[in-house]
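> One structure follows; several queries about it will come next.
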Amino acid sequence: MTDEDYMRLALELAEKGCGWTSPNPMVGAVIVKNGEIIGQGCHLRYGEAHAERNALASCTQPPAGATMYVTLEPCCHYGKQPPCTDAILEAGIARVVIGSSDPNPLVSGKGTAALMAHGVAVTEHVLEKECRKLNEVFFHYITAGSPFVAMKYAMTLDGKIAACTGASRWITGEEARVHAHTLRHRYRAIMAGVQTVLDDDPMLTCRIEGGRNPIRIICDTALRTPLVSKIVQTAQEAPVILATCCTDQQKCEPYRELGCRLLAVPEKQGHVDLKALMAQLGAEGIDSILLEGGAELNWSAVSAGIVNKVYAYIAPSILGGAGAKTPVGGKGADDPGHAFGICSSTVRRIGRDFLIEGYLQPGI
């Protein structure tokens, strides 16, 4: 097996931490000695042992002289866990193969330098593109200080998210809906607007076995979320943040009593200032958001420049209807040449439906 083969195995291991390591990265590690895999591990949960230490703990023979493959540069500072570089040196690992460098200023380049200073041979940038994509949320969060926002919606082939009557269940098939719930597990929080709550009364929870519920964030400028809504009534079971411009404490108190957290956000053009909200959420350690908004919130998010990625589920059907809702509303771009582009896009089939996944580029 080649360095790339072992790194692919490390990437597969890293995925086991999906949804649980936030705001830490997903990391996998494989230890090889004399052509044999003697240890492997990953970072499973935030606050627990890192991949390198788990791999060393699993070794079936002494790791001295072995090669370690790790998807992200080993840490060299004390956080919730001690430095992984110390564990690597103590174990006598002779060579470390690294997928991508760590963007964290406390680590970036320093982990590699610490290993090399003690005579460890280091090979970098092996499957770097794949390793960086695995942790696109972490890379964005560390460098920008704000959540990585992924906008998700389901629509028909003619761009409708509901029929002319407002009926929207179900646009896509079961397989696509199950996949959408894996995104709710993957991202730390989910965000919708108060109109979605008023129209659909959703739970916004993760309904896959063993999944983690996201923090539920509702953009509610004037605090109109019904106290009897499922979101509010289940606030004790899964966290709820109401992002609001309302300062009436008498109006706010019933929500607090039911377990909701109210986050005061500045107003901008009559709505919650989304950029200010992102800054506040980032400061609290929320590294990623799945945006499941209605047409107005989606446009506000796109035009505010907070959306990084798009997941568009497309059903092979046509609803029609001049007044039927579309995924993104608002004012819209004034010319096709000023549209927001999608780059690095991929298309795949999920059951009867299609998923287009890509990264949002600013409009001109």
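> Whether any residue in the range 258-267 is of a type in the set (Gly, Ala, Ser), surrounded by fewer than 18 Cβ atoms within 10 Å (Cβ to Cβ) and part of a strand (DSSP E or B) is what I want to check.
yes
> Separate question: Do we find that Ala162 is out of contact with any Cys (no Cβ under 8 Å at 6 or more places or on another chain), surrounded by fewer than 19 Cβ atoms within 10 Å (Cβ to Cβ) and not charged (D, E, K, R) in this structure?
no
> Which of the following residues is of a type in the set (Lys, Arg), free of Cβ contacts under 8 Å to residues at least 60 places away in the same chain and closer than 22 Å to Ala243 by Cβ: Arg216, Arg184?
One residue alone meets the criteria, Arg216.
> Just to check your reading of the model, which residue among Glu48, Glu90, Glu130 is without any contact (Cβ under 8 Å) to a residue 40 or more places away in the chain, under 29 Å from Tyr187 (Cβ atoms), open to solvent by 50 Å² or more (accessible area, probe 1.4 Å) and not β-branched (Val, Ile, Thr)?
Exactly one residue qualifies, and that residue is Glu48.
> Then there is this: Mind listing just one residue for me: the one in the range 93-127 that is assigned to a helix (DSSP H, G or I) and open to solvent by 50 Å² or more (accessible area, probe 1.4 Å) and, of those, farthest from Glu12 (Cα to Cα)?
Result: Ala117.
> Could I ask something else about it? Among the numbered criteria (1) open to solvent by 10 Å² or more (accessible area, probe 1.4 Å); (2) out of contact with any Asp or Glu (no Cβ under 7 Å at 6 or more places or on another chain); (3) charged (D, E, K, R), which one does Lys230 miss?
(2)
> Looking at the range 274-288, is at least one residue part of a loop (DSSP other than H, G, I, E, B), within 25 Å of Gly145 (Cβ to Cβ), open to solvent by 30 Å² or more (accessible area, probe 1.4 Å) and not hydrophobic (A, V, I, L, M, F, W, C)?
Yes, the range 274-288 has at least one match.
> Right, next: Answer yes or no as to whether Ala301 is open to solvent by less than 30 Å² (accessible area, probe 1.4 Å), hydrophobic (A, V, I, L, M, F, W, C) and at pLDDT below 95.
In short, no.
> Moving on to the next point. Look at the range 13-54 and say how many of its residues are in contact with a strand residue (DSSP E or B) (Cβ under 7 Å, 6 or more places away or on another chain) and either under 13 Å from Val97 (Cβ atoms) or outside any loop (DSSP other than H, G, I, E, B) (or both).
Number satisfying all stated conditions: 18.
The values are calculated or read from the model by the stated rules, or taken from the named source; none is laboratory data. It should be emphasised that the depicted structure is a prediction, and the values quoted were computed from it without experimental measurement. Cβ coordinates were reconstructed from backbone atoms using ideal geometry, including for glycine residues, and neighbour counts include every protein chain displayed. Just the protein is used for accessible areas: all its heavy atoms, side chains included, with ligands, DNA and RNA removed. Shrake-Rupley method; radii C 1.70, N 1.55, O 1.52, S 1.80 Å.
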